[in-house]
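*Asks:* Here you go, one structure.
The values are calculated or read from the model by the stated rules, or taken from the named source; none is laboratory data. In this text, all values refer to a predicted model and were calculated from it rather than measured experimentally. The protein model used for the area step is the full one, side chains on, heavy atoms only, and it has no ligands, DNA or RNA in it. Shrake-Rupley method; radii C 1.70, N 1.55, O 1.52, S 1.80 Å.
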Amino acid sequence: MSKYKFDTEINQLLDLMIHSLYSNKEIFLRELISNASDAIDKLKFLTISDEKFKDLSFEPRIEIEADKDKKMLIVRDNGIGMNKEDLVEHIGTIAKSGTKSFLSNLSGDAKKDSSLIGQFGVGFYSAFMVAKKIEVITKKAGDEKAYRWISSGNGEYEIEEVKKDNFGTEIVLHLKENEEEFFDDWTIERIVKKYSNHIPFPIYLLKEEEKDGKKEKKFVQINKASALWRLNKNEITKEEYIDFYKQLTGDSNDPLHWIHTNAEGTLEYSTLFYIPSVAPFDLFRVDYEPGVKLYVKRVFITDDDKELMPTYLRFVRGIIDSEDLPLNVSREILQQNSILTKIKKSSVKKILNELKKMKEKDFDKYLKFYKLFGKVLKEGVYTDYENKDLILDLLLFKSTKGENVSFKEYKERMQEGQKAIYYITGEDEKLLKNSPLIESFKAKDIEVLILDEEVDAIIMPTVTEYDKAPVKSVSTSDIDEDEKDNKEQESKEVKPVLEKLKEILKDEVKDVKVSSRLKESPACLVFDKNDPDFAMQEMLKQMGQTNLQKVKPILEINPEHEIVKKLSGKLKVSDIKDIAYILLDQAKLIEGMKIEDSNEFAKRINKILAKTL
Ligand code: ADP
Ligand code: MG
């Protein structure tokens with residue numbers, strides 16, 4: 001017999017299970033059945049994909065047995081089973097780095113943490129909510145040796161070799177005092193029906209029945225084992241959809257929405273997709289776990305294929321089940337299989353169209369969705385060229401005229417003669433709304449979209465048009481050509497000012513121009529239309545592009561502003577050098593950029609203040 005210690009994170013998890021997660025204990029049974037079902041899936045897959053297992057005779061089944069006298073509850077499966085390494089690796093350690101870092105970030109506040117844990121499925125360890133001791137007796141299919149894993153959930157576990165005739169796993173729970181309800185046939189049956197009715201395998205309960213006055217024990221099937229996704233929509237109740245979701249994902253929250261398709265015709269397949277109502281904890285991790293499982297003719301093939309959904313729909317959970325794929329599909333074949341490609345393509349279209357419908361018919365629900373996953377969805381604008389227009393229609397933005405504005409809404413209320421859809425990107429909503437770059441737009445009552453999410457800076461340069469209207473950033477230099485009432489002539493007075501400023505600031509700016517977009521501010525900075533704008537530059541820097549060439553902005557000045565007017569009478573470089581730099585630096589500050597030498601900036605201001613006092 002060997003002793004082992006649990007991972008730190010597992011101890012933390014166990015501690016929460018045992019001491020704080022009282023509210024919904026019964027889900028432990030769902031988790032054990034879900035593991036049994038996964039184990040059968042895995043073995044079934046081997047029998048179709050691996051020569052060694054081809055001849056294995058195997059009738060999938062899950063059994064539940066309650067022993068009141070011994071205070072034991074047993075969940076048994078004839079799935080793949082575990083060898084010693086599997087036991088150590090899968091029960092006792094948390095291998096997935098995502099889960100690990102998630103757990104190590106738990107706050108210690110039991111209430112908060114337990115709701116977080118519910119999000120990613122509590123798994124095997126949830127059985128410690130009701131059991132004071134757990135045994136796992138298991139034999140891996142194809143192996144000779146069998147093992148018993150045993151633990152009381154107090155920091156360590158033991159493994160020893162035992163005798164077991166058949167492959168598969170038996171989980172023996174030694175229930176705590178006061179958990180007697182879980183010995184009751186009725187209770188077990190109710191829980192199984194609730195959470196596991198539609199998994200694809202039969203679940204049997206050992207029941208005591210009276211026959212001719214004699215008591216007799218018999219296994220009775222207590223679930224439908226129908227593979228819910230293969231049923232007709234009108235045969236399935238709302239509750240069944242919801243419970244199936246919970247069993248599929250381990251998420252304890254109801255899903256926000258589901259999309260069920262049974263396709264017949266040239267291709268025959270079923271898909272059942274869910275949109276969660278809580279964001280998966282690994283949504284923004286590169287090593288996120290994919291949420292869609294692939295089945296062929298009801299046989300599980302994989303749940304580990306990120307290609308089944310485009311990354312911008314990685315929050316989708318569910319099942320794709322095809323009648324037309326060969327059962328012995330390998331990974332390599334999957335990638336290029338034209339049938340699967342077609343199913344994936346129509347699935348993506350279906351999901352996007354369903355979201356569009358939700359946006360039109362139930363905007364409140366759509367907003368809930370968008371708050372959770374809008375950022376992720378946006379990635380599709382530059383990764384899914386084929387569906388770009390559809391995705392653009394799903395986006396919502398802040399704007400100078402409201403919240404949650406879509407391109408369509410914007411376009412419908414454009415001013416007469418307005419030539420383009422305008423937006424400004426940056427980090428801070430407040431700065432953007434007060435930016436000098438949009439002063440003239442506001443004055444003319446032209447709406448400007450306020451884009452303050454990081455991903456905006458990446459996607460917007462790829463959005464040049466929406467429904468035939470050009471889409472433009474207000475920070476590009478040619479914008480004022482568009483919306484100018486009448487192009488201001490560079491007057492005689494202002495021309496020399498421009499030239500002087502250019503001379504002084506030649507290392508800092510690409511050009512100095514008269515602006516028509518400014519109303520109140522003396523100056524602003526814009527970027528040449530071929531240069532990346534400020535938000536884009538920040539984005540590139542964050543993505544690790546450090547060898548970027550410095551992109552010089554263009555300084556635009558407001559000829560109507562008092563400072564600029566007064567400058568034209570004072571054209572000695574020594575007189576206006578400080579003012580030139582202050583104009584430049586304050587424009588930077590207002591637009592959220594950093595000024596390189598804030599010390600110098602303060603000195604210049606102080607010099608001028610001292611003069612005026
Ligand atoms: P998850 O199911 O999300 O992987 P669990 O905590 O429920 O997490 O289970 C941990 C791991 O233990 C499983 O991934 C599996 O490898 C192994 N396991 C648990 N129960 C069984 C079982 N009945 N048969 C085979 N392996 C199992
Ligand atoms: Mg599990």
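*Asks:* Distance cut-off 25 Å, Cα to Cα: go down the list LYS345/LYS398; LYS52/LYS218; LYS44/LYS70; LYS54/LYS133; LYS572/LYS603; LYS378/LYS430 and report the pairs above it.
*Replies:* LYS345/LYS398; LYS52/LYS218; LYS44/LYS70; LYS54/LYS133
*Asks:* Follow-up question, since we're still on this one. Output the 0 to 90 degree angle, nearest 10, between the alpha-carbon long axis of helix 8-19 and the longest principal axis computed from the alpha carbons of the chain.
*Replies:* Compared with the principal axis, the helix lies near 70 degrees.
*Asks:* Counting only protein heavy atoms and a 1.4 Å probe, tell me what percentage of the chain's accessible area is made up of carbon and sulfur.
*Replies:* Heavy-atom surface of the chain belonging to carbon and sulfur, 1.4 Å probe: 47 percent.
*Asks:* For the chain, take the longest principal axis of its alpha carbons; what is the angle in degrees between that and the long axis of helix 27-49, to the nearest 10 within 0 to 90?
*Replies:* Helix 27-49 sits roughly 90 degrees off the main axis of the chain.
*Asks:* Can you sort ILE595, ILE62 by solvent-accessible area, 1.4 Å probe, largest first?
*Replies:* Largest accessible area first, the list is ILE595, ILE62.
*Asks:* So which aspartates and glutamates can LYS500 reach, going by Cα to Cα under 16 Å and dropping same-chain residues fewer than 8 places off?
*Replies:* Straight-line reach from LYS500, under 16 Å: GLU490, GLU508, ASP511, GLU556, ASP575, ASP578.
*Asks:* Can you sort GLU439, GLU216 by solvent-accessible area, 1.4 Å probe, largest first?
*Replies:* Highest to lowest solvent-accessible surface, that is GLU216, GLU439.
*Asks:* Also, I was wondering about something else. Sequence gap at least 6, Cα distance under 8 Å: using those rules, report the relative contact order of the chain to the nearest whole percent.
*Replies:* Normalised by residue count, the contact order of the chain is 9 percent.
*Asks:* Tell me the Rg and the Dmax, in Å, that the Cα atoms of segment 488-612 produce.
*Replies:* 15.1, 46
*Asks:* Quick one: grab the alpha carbon gyration tensor of segment 379-482, order the square roots of its eigenvalues as a ≥ b ≥ c, and give me rounded if a/c is under 1.5, else prolate or oblate depending on whether a/b is larger than b/c.
*Replies:* It comes out prolate by the Cα gyration axes.
*Asks:* Largest first, how would HIS19, HIS174 line up by accessible area (1.4 Å probe)?
*Replies:* Ranking HIS19, HIS174 by accessible area, largest first, yields HIS19, HIS174.
*Asks:* For the chain, what does the equivalent ellipsoid look like in terms of its semi-axes, each the square root of 5 times an eigenvalue of the Cα gyration tensor, given largest first in whole Å?
*Replies:* Whole-Å semi-axes of the equivalent ellipsoid: 64, 27, 21.
*Asks:* Further question: What figure, in Å² to the nearest 10, do you get for the accessible area of MET543 with a 1.4 Å probe and non-protein molecules left out?
*Replies:* The accessible area of MET543 comes to roughly 110 Å².
*Asks:* Let me ask another. Return the whole-Å distance between the Cα centroid of segment 375-429 and the Cα centroid of segment 192-263.
*Replies:* Result: 43 Å between the Cα centres.
*Asks:* Still on this model: Relative contact order for segment 488-612: what is it in percent, counting Cα pairs under 8 Å that are at least 6 residues apart?
*Replies:* Once divided by the residue count of segment 488-612, the mean separation gives 31 percent.
*Asks:* Using the heavy atoms of the protein chains and a 1.4 angstrom probe, tell me the accessible area per residue for the chain in square angstrom.
*Replies:* 49
*Asks:* Exceeding 30 Å between C-alpha atoms, which entries from my cross-link table qualify? They are LYS433/LYS529; LYS68/LYS100; LYS401/LYS566; LYS433/LYS566.
*Replies:* Going by Cα-Cα distance, LYS68/LYS100; LYS401/LYS566 fall outside the 30 Å limit.
*Asks:* Relative to the longest principal axis of the C-alpha atoms of the chain, give the angle of the C-alpha long axis of helix 110-119, reported between 0 and 90° and rounded to the nearest 10°.
*Replies:* 80
*Asks:* When averaged across all projection directions, what area in nm² does the alpha-carbon convex hull of segment 2-221 cover?
*Replies:* Dividing the Cα hull surface by four gives the mean projection, 13.6 nm².
*Asks:* State whether segment 1-58 is rounded, prolate or oblate according to the following rule on the C-alpha gyration tensor (a ≥ b ≥ c being the square roots of its eigenvalues): a/c under 1.5 gives rounded; otherwise a/b larger than b/c gives prolate, and the remaining case gives oblate.
*Replies:* Oblate is the answer for segment 1-58, as a/c is 1.5 or above yet b/c matches or exceeds a/b.
*Asks:* Can you give me the relative contact order of segment 22-99 as a percent, contacts being Cα pairs under 8 Å and 6 or more apart?
*Replies:* Across segment 22-99, relative contact order equals 30 percent.
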